[in-house]
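The values are calculated or read from the model by the stated rules, or taken from the named source; none is laboratory data. Please read these numbers as outputs of a predicted model, since none were measured by experiment. Here the Cβ positions follow ideal geometry from the backbone for every residue, glycine too, while neighbour counts run over all protein chains shown. Note: accessible area is taken over every heavy atom of the protein model, side chains too, but ligands, DNA and RNA are not part of it. Shrake-Rupley method; radii C 1.70, N 1.55, O 1.52, S 1.80 Å.
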Amino acid sequence: MSWFTQTLTGSVGKKLLMALTGLFLILFLVVHLAGNLQLLANDGGRAFNIYAHSMANNPFIKIVSYGNFFFIIVHVIDGLVLAMKNKAARNVRYKVATKDSKSSWASKNMALLGIITLIFIIAHLKGFWYEFKNGSLDMLTYDGLAVQNGYAIVDFAFSNPLFVLFYVVCMIFLSFHLSHGFSSAFQSMGLNHKKYTPFISKLGLIYSILIPLGFASIPICMYLGIKF
């Protein structure tokens, strides 16, 4: 298995690992957003509470959740290692370095954007996931089904304008991170072709706008009392 270890620890292997974990997290965001949008249902939190209960008690979802945490850790560590190697390489070429007009701001600051996103994830897990798992939430009953009132802690958190602002700003940074990460993930896997790359880039741009916008709309709507 030495060839496998050498592949993963090499520059190409790290980029491939970064791409695969990134694509998994990209898919996860779509599923997570679909569930969280139920917070905007005009039913006092019923749909979201039932959804959260079903997710917490589904063995397959539990496995995916733990896998998600693992992939986040791998993605962050791998990203930081690559960023440090790239910085070291740039320092070696400093005297002859020129500004690359083709590189976007996001591509040059992926490590920074990743760190900001990680800070948001930690705050998000502490404020919501940890409370679901270890907090003393009130119990509600819907048609004989006893569930935790997770909607209450989300509603309380998004009643704070500073937290809403923090959430929205983090989604802006996430959008920049995804705008480069989406297309670069496919390129790292060798899917770089003049016929498909423009489509992938456009799809990545649409994704990097709509998904963060969807997440950002939740705290804004809840703070303003907008329901659907």
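Before we move on, is Ser159 of a type outside the set (Asp, Glu), free of Cβ contacts under 8 Å to residues at least 12 places away in the same chain, open to solvent by 40 Å² or more (accessible area, probe 1.4 Å) and assigned to a loop (DSSP other than H, G, I, E, B)? Break it down into steps so the answer makes sense when it comes.
On the way: of a type outside the set (Asp, Glu): yes; free of Cβ contacts under 8 Å to residues at least 12 places away in the same chain: no; open to solvent by 40 Å² or more (accessible area, probe 1.4 Å): yes; assigned to a loop (DSSP other than H, G, I, E, B): yes.
When the stated conditions are applied, Ser159 does not pass them.
Applying the condition of being open to solvent by 90 Å² or more (accessible area, probe 1.4 Å), modelled with pLDDT of 85 or more and of a type outside the set (A, V, I, L, M) to the range 177-206 and asking which residue is nearest to Ile26 (Cα to Cα) yields Lys202.
Among the residues of the range 185-213, those that are assigned to a loop (DSSP other than H, G, I, E, B) and either under 17 Å from the mean Cα position of the chain (by Cα) or hydrophobic (A, V, I, L, M, F, W, C) (or both) comprise Met189, Leu191. Note on the range 43-85: residues that are surrounded by fewer than 17 Cβ atoms within 10 Å (Cβ to Cβ) and touching a Ser or Thr at 6+ places or on another chain (Cβ under 6 Å) amount to 1.
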